[in-house]
Every structure is written in structure tokens, then in C-alpha cells.
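For reference, the structure is listed below as C-alpha cells.
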Amino acid sequence: MANIFPRWTNTLAPKAIFLGGLVVTTLTLGVWYYFTPKYTRVGYMPTQPVPFQHSLHVQQLGLDCRYCHSFVEVSAHSNVPTTQTCMNCHTAIKAQSPKLQPVRDSYASGKPVEWVRIHRVPDYAYFNHSAHVNRGVSCVSCHGQINEMEVVWQDQPQGMAWCLNCHRNSEQFLRPVTEVTHLDWKPADLGTNPATGHPWTQLEIGSKLKAAWNVAPPVTCAGCHR
Amino acid sequence: MKRVFQHPPETPNVNGRKYWRSLGELNDTPEFRGWLEREFPAGAAEMEGDGLSRRNFLQLMGASLALAGFGLSGCRRPETYLVPYTKAVEWTIPGKNVLYATSMPRRRGAMPLVATTTEGRPIKLEGNSLHPLSNGATDPYAQCALLDLYDPDRARFFLEGGKPVDVAKFTAFMKGTRESLLASGGQGAAILVEETFSPTRDRLRAELSQEFPNLLWCVYDPLRPFNDVEATRAAFGDGVRLTHRFDRADVILSLDADFLNLDEGGIEATRDFSNRRRVASAEDSMNRLYVVENRYTITGGKADHRLRLPASQVGAFAVALGRKVAGLLGGAGAPLGNLLGAFPAEMAGRFAKQDQWLTEVAADLLAARGKGLVLAGERQPAGVHLLVQAINGVLGNVGHTVVAHASESRGGAEPTSISGLAEAIDARKVQTLFILGGNPVYNALANLNWVERQKSVPTVVRLGYYDDETSEHAAWHVPMAHFLEQWGDTRSADGTYCVIQPMILPLFGGLSDLQVLNLLLGQDPHDDPTLVRATFEEIGGKTANFPADKALAWNAFLRDGFLPGSAAPDSESGFNVGAAIGYLKANIPAQFPPPTPEGSVEVVLISDYKVDDGRYANNGWLQEMPHPITKMAWDNAILVNAATARKFGLHYANFENGDYSADGAASDNMAEITVGGTKVRAAVLLSPGHADNSVSIALGYGRRRTGRVGRHTGFDAYPLRTAQNTYFVPAARIAPVAENYQLVVTQQHQAMEGRNLVRELPVATYKENAGFIYGEDEQAKRSFVEMMGMDAHIPPNVSLYRNPSYDSIHQWGMAIDLNTCTGCNACVVACQAENNIPVVGKDQVGRGRAMQWIRIDRYYSTIEDNDPLHDPTQDEDPQILTQPVTCHHCENAPCETVCPVNATIHTEEGLNAMAYNRCIGTRYCSNNCPYKVRRFNFFNYNDRSIEPIEEGVMSHVWKGKSQAYLGPFGKNGMEESLKLVKNPNVTVRMRGVMEKCTFCVQRIEEAKITQLQVARDSNNKLVPRDSFTTACAQVCPAGAIVFGNVADPESKVSVVKRRDTDYKMLEYLNVRPRLSYQARLRNPNPAMPGAAAVGNTLLGAPANVPPAVEKEGGSEKKTHSEDPRKEAPEGQHKV
């Protein structure tokens, strides 16, 4: 009796299974990645109603973060500046700039400028800015080099795993409280570590501060979820 | 070999007392066993309706999910916006709360408050601890005021003849009215207000009466304290107000006075009483409380000796007591003797059975001369108050525990009563009637037939918070502003001048009473403080040390919320016997009725702990709060004791051998009360400890026209209330009615087997045993309270699990003092307000799905039949204990080990935390919780409204169940205004999520972060000692709940936990709760009848009963739950 199936069909089943597995794995990984904060969030760079440049205000003019985000050290929120704050300068500087028209309109009408929100922690997580910036966590750790951005984008995924990474290894991020808003600060700026004779490294200064300030970030649910 | 741990057996004989929460428990009915053995009551986990099983539901859900399609459109975040202020708002920091002082006007004087506002909306009210009458505590009404503010059913429109009109039209109308009234000097105009003690309103009234000399000014509030005022006026003269100093009283006799009711006695009565009740060490003295009342009140629950007596006989009882006191005093009692001469001799003779009781109370009061206090209930007739004042007088208590104050002059003539107003209406003297607040159509005295009278007035202008019964018959309805929306002022009970500051603009554009009066004066309806400020400067100018800089003083006034030094001064007036005798002679027959004749029953119209006079009927938090004594939610009922119910053939819910069912529904449980031609129908509820031949029914329910929450709740008892019988109807008929009504009673929800959960002992026993420690081993050392009952027979604990090390600097713990807890429910509602706990509705409560995180267990206790102290005559006299139970935050939490998704875990600081977004709703945790404190969101209570069931779709399914959760048939989405009441720092939970007390973790985190802001680059992370507390501890007027850092040996909570009376509930389970209790102490008078049985519990003597240890082999015996951790050391553990 002749073979009904040609010889090559012998390997068909394993090949199909292998291929099928590959397709399923790829799909799974793809969907997985599609849902991760890394894909969904990082790089989100919406167009804002006013083309405000952080790089101009911070790098060129030398404004401190806290001039506009004035309550970051006392409140959970880092407040977006009021129109009044913008107009403190812009009544005199670039007072006629068309780019600033929405700000002037807002000031005249009392209707706020609606900035597009970029960083968003879910409702069930209670992030508190003041708990971080008062204890040596710099803006740059979560927001990236915002001082160099012309248009702000999301730099870090800000998911729970990412949060816990710092909460478990805070020595890798801590810096002196005075340097929190200096986004270009490097540990080496502190000079030579007398203990090693070399410039300070992040791990050295971070560990030192962590011990001195008794930094113990919460790693259980109730730290952030209430 | 399998080893099964057996719980130590219940040892009823060790403890001479039996504690039960319901009659079902007392009789151990099968229905009660059902409640006991399940984490949630039977049926709580089932779907509604007959045709919709869980399986059907899943099939439907599966199909609809498939039909809905599986799109990815929802995966991307929608664009959202950050909206800053255009100009910064003074004091406002986005994300931070701002606190303002304000006050809540109340019928006995203002409650000083501090309002927490977040971004312009008030989210929580606390007491103002700066104020002399406050200890920072509040009561359920103040807590629930917030929900009233955001009530979506509030009156929203100006109505003319029931049609919405513009505000301008109303202002024009008021202008026209003013013009026409000016011509006649106010002839034909009357104003009916509620008492608010507002000096500004008094000032406006004076201005009005200058312009309109003929204007009639009337005050009405159905529960307004009236009798003691009248008695004081008769005996002490005008302008005197008596206050009671519980902080100075050693022996207190309450004659039907529920002074621990926070509305009746105020915060200060509970605070001062509890301070004298608290026993921290063997050296502390403790006051003694005698209570005479007809139904159990929370004051009766705190009594050391309690006597059941019909309310109508309390007056005669006072006469009998007066005779005893006068007799004992001899010559010094002459003034009292003269007074008593006015009474018929027969009266004192009615109490032959209680003779020993009377003699010993009188002797005790006499022994505590100057430190005793006799009180008469607020709605007992004025004659009873007079007598009580006379008794206090001869006992030398006046000037010590009873202090006479000069009441501030209010100006103007004495306001007309509502009866006077009714007469004026009859005489056609009223053409324009302004009703500012109140709801007379619903709650006026029945003999006035107010509806018809109001209809006969040509123009009625009604300022009302709801479009209610009174608005229905008014030409104009004006929405009223909430006290958190208006400028105003008021006085607290001691006369201190307090400010009412607005926290938010009127949500629905309402006006305050001051604004309406101002309109009548031809002024603009200001919404600024001009009016109040003028009054403030006038009153302030009269106080000592008033600063010359008025602006500075005004700012201090707004900051503190009150004006120091403005309290009423003491009065020189004394008790005038002659005047008192004159008053009594005229009033004895009316005020001291004969005993209720055989075949009739006395009906007592009580004010309710929940809806007040009916004004809070639409408040879901209050409606759902279980009544402190009956534990009934959402309704009122005719309360009756078993003997009386049997006598009149009443079928009552919640009872007796087979006639009992778990959901409180019994067959034909309705009854009809007949007084003259008036009939009132209501459901009957059995209430142990009620007086014989007496029934009680609470006022304030059965509202006809109110919001969605209050409709179809309870029964209206106001038709029974007349000018003759304002508080009790001495003789009425009662008969059963063949109708059924479902009541929901929560007393069996989350029941636990009687394992000495609640502990009490006489104070003398405590003092004998204080400091005594059992056990030599450091680990096993326990105080005598810890050894009470079966705890004496428990082998040392062994844990199978590794204990986490709790070495963080903050370790949170709580202590609840059962000795001072009155069971007032303030903590239950404060927790609800703080933690965004939803209202689930009557139907869901009936299924055991109530969500409050704190429950207050109310235990009745009686002596076991086989106990030598058992006295059959005392069987109808159970005692009451209350015990708040919330999450114990066990260090070895059983709930945590069974969670498959780690949604409940322990924090470094000893909190048993819930991560809601991780919870998948297996409910294993609540199954494994020995305290039954976990609550499950069976439905989306926050997203779907609960509704009174009326005609319409599906009404047949929910027939007879009012306030039901309708699921998909209900309205979807939370009302906009109700979103504003939510605390932004607490997650709003959704369906399918377990929740429970968190020890207010949001407050803990806020305190820690605030300290981090201080610490900055230092290691000073320790939160200052006792610098914050949980919502329940903050609200507790008795100071019974203490919360803090147990790692700090000097913190308040650590100090309390070191007391000898400290014990942990179910300690033998070795779950190591962070919540501990301090045992209830009672202070019986040894000479009283039945004194030996009061609070008496034989201490568990270890030798009495053989210790209960693990049994070998599988046992047939059914156990409450099996706890593997109780097994022998690890190696032997096999499953």
C-alpha cells in the first residue's frame, strides 16, 4: 500500500508545534510589552497649549524649580504654576509674544490654562512630592533631565516595579538635600571622598546619607496604597 | 497522625453571667447558629431575586462580554489636563487641607467645630478643642452634617406655587411685601423660626420689631427643651439657666434623663461623666449612676443600678424619693417637705415594691451631699424638674453640681409658641407667614391640625432645606443654605459666642435665615460677614480684655471660632419654695398622672438617636447607623418587652422559640396604637429591659415627602403627640395587626461565640486584685482580667509561623476602654465619613452586607439560672455592655496567610494593610478572621444609587423592601454632589473588593510625611508623641478610644495598655492583636437590692476546670474554625 502521507510530513508536527509556540510566545511578549508602562508611557510628549520651554527658563535664565512649582516641598502635589506666576515676569518680558496669548487670555478672563497632563500615578497610589524632595530624592530621578527639555516628555515608566527599585535601593539615588533641584549635579561635584581618596561616587554618598538620615522607604503596600 | 486543635470549651459556669446580643442568641436558635458559623450571614453571598442564581449570572456575564467585543481602544490613556488656579487663593496649597473654625447651631447650644477643607470643599468636621465645652470630640449629627450638605435631594430651586422661578422674582416679592407691611406696621405678618441662639438674628428681630411693631415672632422645634426652662423660671426666676457639673458628681440619679445622649446632654456631659468613670489605677475613685427609665437608653446602659418604670410614673417616683430624702434630712429638709405637702399622699405609696431601692438611693445621695446630682429627663413635665431642683437644693448640690447661670438677655418679648401662632391664624390675624427652617406640617403638635391652619394663611413663605411636607403647602419655597454655606453666629450651651463661617458657596444657591430677614428689612441679602461682624463688635465690647484693634479681634475670633470671656456669668438666684409650690398646685393633676389602667398601655414618644425630630431622615449615614440599643437600622418600631407583648398578644420581630427568624421578619409583626380617635400603625420590636405596660416609639420617621433616602422608612408617631401628651400618653390601646413589615436588626451580624469577648467586674473586685499577676514565666505573666473566664485554662501559645520583627520606630496600636464607652455610635459615623464607606441600603443591611468598619456590639447580660446569685425577678432586667469592634491589626494576622494574591499584608509598623487594587475578592481573609471585622463590597455601592421602591419596572421583585440596591436597574453613576463628600486621601473601593479598618493609614502617612518635611537632612523621623489620631479616637466624646505609637512607652496608648484591666480579645488564638480592651467596671452600692449580681463575674480560678488542651485524633466535635497554628511544634504537623 502506498504511503498516503509523503515523507516530509514526519517532521511537520514538531515544526508546526515549534512554530506555533514561537508565534504564541511572540504574541504574548508583544501584548505584554504593549501593556507595560515602558511602552505606554515613556516618551509621551503631548503638545501643550503654551510652548513653554523648561530648557530656556532653567538653563538660560537659571530659574529654580521651586519658583514655579512652589509647594513641592510642603504638599503631595507639585503644583503647576498659576497664571499669576507666569505674569509676574511676562507683563514686562515678551509682553506681546503671540505664543503667550493663552496666558494673557487666562489672566484677563480668569479661566485657567489647561496643561496636558504627562505624569500620572493611578488613583489608588498616593505619591507625595514633599516626602521625596525633602529627603534627597532629586526631581531628575523621576522626571529626567527636564532642565534640558524644550517640550516635556515622560522620561521614566513610573510603574510600581520602577518605584520599588528605588525604595529598595535608595542609596543609588540619594543626594544632599541642597542639590535636589540641581538637575545636572554629579556626585563628583562634592570633591574627594576623604575615605577613599577618589571623587565621591553615587553609591558612596548615597549609602552615607541613607545611614545618616535613617532613610527607610516603605516597601509594603500601605506606604502608597490607602 | 492528624492532630486537630480544639478551641477551649466554653465554660459558662466559671462566669456567673451570660452575655447575649439577641434573644436568638440567648435561646440558641438554629437561625442564630447560622449567623454564628458563617463569616457573612446566610444569603449574603447569594444574588438577589429568585430567578437569578450565581451560575445564571456568570452565563449572562460571559455572553455580554463576548458581545461587547474585545477592543484595545481602552488601553491608551485618555488625554487629561492639569488645571492650576489663575491667581493663587489665600491659604490654599493644592493637595493640602485647610482647617477653619466654625460651629453647628443646635437646639441646646452650638457645637464648636473645626472643618477640614480640601481645595475649597469641606470633607470632615471635628470638634474645636480650644472651646471650653469641647474636648475635640463631636457626635453623630455633627459628623453627618457633611452628607446633608452634599445631599443631592436638597431643595435646589426658588419655587412660587410649586414652579421654579428666578431669585430676582423672590427679591422683588420680598420688596413688595415689605412695602405693604410698612404701611400696617407689620400687621398680619408672622415669622416662625427654630432656635439657633444667634445674637445676630436677635438683633435683626429687634430691628424688625421697630419697623413692624405688630409682627408676631414665634419659635418652634418639637424637641426643644422646654420643661426644665419652665421649671427654672418658676423656681429661680427669669434669666436663669441651670447647668450640671458631672465632673463634680460622685453619685448621680437620673430620672428618665438620657444625659449621655449627645444631643440631650452635649459633648461636655459625656466628657465629664467619663472622666469620673475612668479608673486607671486602684487609687482612682469612680462615680455611681442610678437610672430610672422606661426603655433602655445609652445612659441606662452605663447605670450601676437601673430601675424600669413607666415614664408617666417617674414624676410620682420623684415624689416618693423626695419624701425619703426629706425624712432622712429632718429639719434641713423642711423646704422640700413643704413642697411635697402639695402632692396627694397616695402618690408615694405606688412604690411599695421599690421601697428598699428608694431608701438606699436616698441614703447614698445624702451621704454624697454636695457631690450628688439628681436629674430629670428633658421631656418629663416641669413639675418633675421643680421637684428635682428642690431635692438638689436640700441636698446642698446647688452651687456645686448644679450651677445657676444668668442666661444672656435675648432682647424683645418672649417669643410666641406654635399654639399661640395657631390661635392667631384662627383669629385671621395672620396674612403672611414666614416659616424659616423647621417642618411644622410634619412635626407640629397633632391637636393643632397644622396643615389646615397653614393652608388658611393667604401667603406662606417657606425657607426650607428640603422641598418637604411644609413646602408643599407654601406659596413660596426658598432653598435654605446649610450652616457650612453661610455666615452666622450662635452661642454654645455655656453662653460662649461662636462664629459660623461658610466653608463653601451655597451649592444650590440657597439663602440663610439671616439673609431672608435682611431682605425683609429692605437690605441686600449679603453673603458677607457684615451683619455678624457688627454683632461681634457689639458683644465683644462688653467682654473684658477686648482689644482696641477690632480687626485684630475679629481675626482672632474667626481663627478660634469663639469669643473667650463671653460665657454667661453665674447667677445669684436661689430656689424659691413658695413660687414652686404655687406652680405645682396648679399643675399636679396634669403633670403627675395616675398609673396606666389595666388593659391600657403607656406610649412614650422618644426622640431618636438617628434622625432627630425627622430632619435627618434623608441622611444615609444616620439611617444606616444601627440604633445604639436596638441595633435596628433604617426604621423605628414600637419597642416593647416580652411580658407586655404577650399580654397584648403582639407578634414581634426578633424572638422567641421558633417565632424568630434571622432577618428580623416575623409573621404579622405590626400593631396599632389607638389614642382617642388617633391610630398609628407600626412594627413591633422586642426590647429587653423595657418597662412593663409601657411601649416606646421614636419620633422622626415615616416622612411622607422627603428625599430618596428617607422615603418609606419607619412609622410616623407625631399624630400621637398633642399639647397634653408631648412625651408620654398615659393610657392608650394597642392591638396586633395582621400585616408584616421587615425590620433589619444588625445585632447578630458578625456574631462570635461567647468566649469572654467582653469583660466586666465590680470596681471593688478590681481594687482587691489590682496589681496581682498570675504566672512566673515572663512570657506567661498575665493580670487577673487577662485570666478571666476560660482564658485561665489556656495552654501557652505556640506559633507555627515566623513572626516578623517589628523594629520600626513607629508601631501603631489602639486601646478601647469599655468602662467609658457609652455606645453612642459617634465612632461608627466618623469612620464612615473619614474612610469613604458607602451606604448600602436597608435591603442590603438585612442581608448582612453593611459596610461600616466599626461595629458596636451591644451585649445584654443576665445571671445564669444555676448561679447562686440568680434572682428570677431580675430576669427582665438585663444589663447592657457595649464594645466597639474593628480590625485588631493582629501581628500574626490569620487573614494574611490565606490571601492567594497578597492583597492583605503586614507593614513594618504593625498595620494589617489592604491593597484594594490587588484584591480579587476570594473572601478567604474574612473567612479566616476570628473577629469578623472584614467587609466585602458585594456590589458597586458607590456607583449605583439605592432607591426607595415605588411603582415601576421590577417593583414586584423588590416588593416590600425599601431602600434596596437595584443593581443594573438602579441609576448608574454617583451623584455629582456626593463626589464632593469623599476624602481624597482614601481610595473609593469598587465591587468585589474586601475592605476593613486601616487605623486611618492616610492620617498615619500624612503625619509621617509631615515629620519628614521637618527632618530633611537629619534622622529625626519620629512623629511627635500623640500628635495625631484616628477618626474614631478623635470623635469619641468619652475619650474611650486611644490610638498611638506602642513602641513609645510614654505615649497615651502605651500608658492605657499598662492598666490592670487591659485584655485582648481571643488572646488564646495567639494572633497578637494590636487592639486591646480595658474591662468594664461597675460600681454597685452594696446596700441595694441585687447589688451582689451587678457586674459580678467570678474570676476564672485556674483550679476549677481542667485545662483544655489539644485532643488526639480527629474529633467529631464541631469547632468554630480550625487553626493549625495552635498545634504542637512544627515537626509533628501533618495534614
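Checking each residue in the stretch B:491-501 for being more than 17 Å from residue B:511 (Cα to Cα) and assigned to a strand (DSSP E or B) picks out B:491, B:497, B:498, B:499. A residue that is free of Cβ contacts under 8 Å to residues at least 60 places away in the same chain and either touching a helix residue (DSSP H, G or I) at 6+ places or on another chain (Cβ under 8 Å) or among the β-branched types (Val, Ile, Thr) (or both) occurs nowhere in the stretch B:401-418.
Is one or more of the residues making up the stretch A:44-53 out of contact with any His (no Cβ under 6 Å at 6 or more places or on another chain), within 25 Å of residue A:180 (Cα to Cα) and not aromatic (Phe, Trp, Tyr)? Yes, the conditions are met somewhere in the stretch A:44-53. Helices (runs of 4 or more DSSP H) fully within the stretch B:534-627 that include at least 2 residues being polar (S, T, N, Q): B:577-591. Of the helices (runs of 4 or more DSSP H) entirely within the stretch B:292-349, those holding at least 1 residues that are buried (at least 24 other Cβ atoms within 10 Å of the Cβ) and either among the charged types (D, E, K, R) or modelled with pLDDT of 90 or more (or both) occupy B:298-301, B:314-329.
One residue alone among A:66, A:120 is within 14 Å of another protein chain (Cβ to nearest Cβ), outside any loop (DSSP other than H, G, I, E, B) and basic (Lys, Arg), and that residue is A:66. The residues in the stretch B:556-591 that are under 31 Å from the mean Cα position of the chain (by Cα) and surrounded by 15 or more Cβ atoms within 10 Å (Cβ to Cβ) can be counted, and the count is 11. Residues in the stretch A:87-108 that are without any contact (Cβ under 8 Å) to a residue 24 or more places away in the chain and within 13 Å of chain B (Cβ to nearest Cβ) were compared, and the one that is farthest from residue A:49 (Cα to Cα) is A:88. Of note, residue B:332 satisfies the criterion of being over 30 Å from residue B:103 (Cα atoms) and of a type outside the set (S, T, N, Q). Of the residues making up the stretch A:26-61, just one is outside any loop (DSSP other than H, G, I, E, B), surrounded by 14 or more Cβ atoms within 10 Å (Cβ to Cβ) and among the aliphatic types (A, V, I, L, M), namely A:58.
Taking the criterion of being touching a residue at least 40 places away in the same chain (Cβ under 8 Å) and either within 15 Å of residue B:254 (Cβ to Cβ) or assigned to a helix (DSSP H, G or I) (or both), the residues of the stretch B:274-288 that qualify are B:274, B:275, B:277, B:287, B:288. In summary, strands (runs of 3 or more DSSP E) completely within the stretch B:667-717 and bearing 3 or more residues that are out of contact with any Leu (no Cβ under 8 Å at 6 or more places or on another chain) and either of a type outside the set (Gly, Ala, Ser) or closer than 28 Å to residue B:877 by Cβ (or both) occur at B:670-675, B:678-686. For the stretch B:979-998, the tally of residues that are in a loop (DSSP other than H, G, I, E, B) and more than 9 Å from chain A (Cβ to nearest Cβ) stands at 12. When residue A:61 is tested against (1) away from chain B (no Cβ under 14 Å); (2) within 24 Å of the chain's Cα centre (by Cα); (3) over 26 Å from residue A:148 (Cβ atoms), just one condition goes unmet, and that condition is (3). Restricting attention to the stretch B:1006-1028, the residues being facing chain A (nearest Cβ under 7 Å) and either in contact (Cβ under 8 Å) with a residue 60 or more places away in the chain or under 35 Å from the mean Cα position of the chain (by Cα) (or both) number 2.
Inclusion of residue B:950 among residues that are surrounded by fewer than 18 Cβ atoms within 10 Å (Cβ to Cβ), in the same structural domain as residue B:855 (by TED's automatic domain parsing) and either modelled with pLDDT of 85 or more or among the hydroxyl-bearing types (Ser, Thr, Tyr) (or both) is not warranted.
Residues in the stretch A:123-132 that are more than 7 Å from chain B (Cβ to nearest Cβ), in contact (Cβ under 8 Å) with a residue 24 or more places away in the chain and either in contact with a helix residue (DSSP H, G or I) (Cβ under 6 Å, 6 or more places away or on another chain) or within 22 Å of residue A:54 (Cα to Cα) (or both): A:129 only.
Does residue B:732 meet the test of being hydrophobic (A, V, I, L, M, F, W, C), in a loop (DSSP other than H, G, I, E, B), on the phi < 0 side of the Ramachandran plot and in contact (Cβ under 8 Å) with a residue 40 or more places away in the chain? No: the conditions fail for residue B:732.
Of all residues in the stretch A:25-41, those that are in contact (Cβ under 8 Å) with a residue 60 or more places away in the chain and more than 10 Å from chain B (Cβ to nearest Cβ) total 3. Selection of the stretch A:211-225 for residues being within 21 Å of residue A:161 (Cα to Cα) and surrounded by 15 or more Cβ atoms within 10 Å (Cβ to Cβ) yields A:215, A:217, A:218, A:220, A:221, A:222, A:223, A:224, A:225.
Every condition in (1) surrounded by fewer than 20 Cβ atoms within 10 Å (Cβ to Cβ); (2) assigned to a loop (DSSP other than H, G, I, E, B); (3) at pLDDT 85 or above is met by residue B:839 except one, and the failing one is (1). Quick one: in the stretch B:805-835, of everything that is more than 19 Å from the chain's Cα centre (by Cα) and within 14 Å of chain A (Cβ to nearest Cβ), which residue is nearest to residue B:622 (Cα to Cα)? Checking each candidate, the answer is B:812. Restricting attention to the stretch B:136-178, the residues that are hydroxyl-bearing (Ser, Thr, Tyr), assigned to a helix (DSSP H, G or I) and crowded, with 21+ Cβ neighbours inside 10 Å add up to 1.
Looking at residue B:241, is it of a type in the set (D, E, K, R) and in a helix (DSSP H, G or I)? The answer is no for residue B:241. Of all residues in the stretch B:1076-1087, those satisfying the criterion of being closer than 20 Å to residue B:281 by Cα and of a type in the set (A, V, I, L, M) are B:1079, B:1081. Among the candidates B:133, B:181, the residue that is modelled with pLDDT under 90, over 26 Å from residue B:980 (Cα atoms) and outside any loop (DSSP other than H, G, I, E, B) is uniquely B:181.
Okay, residues lined up against (1) surrounded by 21 or more Cβ atoms within 10 Å (Cβ to Cβ); (2) within 14 Å of another protein chain (Cβ to nearest Cβ):
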{"site": "B:875", "(1), (2)": "no, no"}
{"site": "B:879", "(1), (2)": "yes, no"}
{"site": "B:882", "(1), (2)": "yes, no"}
{"site": "B:902", "(1), (2)": "no, yes"}
{"site": "B:917", "(1), (2)": "no, yes"}
{"site": "B:920", "(1), (2)": "no, no"}
{"site": "B:924", "(1), (2)": "no, no"}
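The values are calculated or read from the model by the stated rules, or taken from the named source; none is laboratory data. Just so we're clear, the structure is a prediction, and the values are computed from it rather than from any experiment. Every residue, glycine as well, gets a Cβ built from its backbone with ideal geometry; the counts of neighbours run over all protein chains shown.
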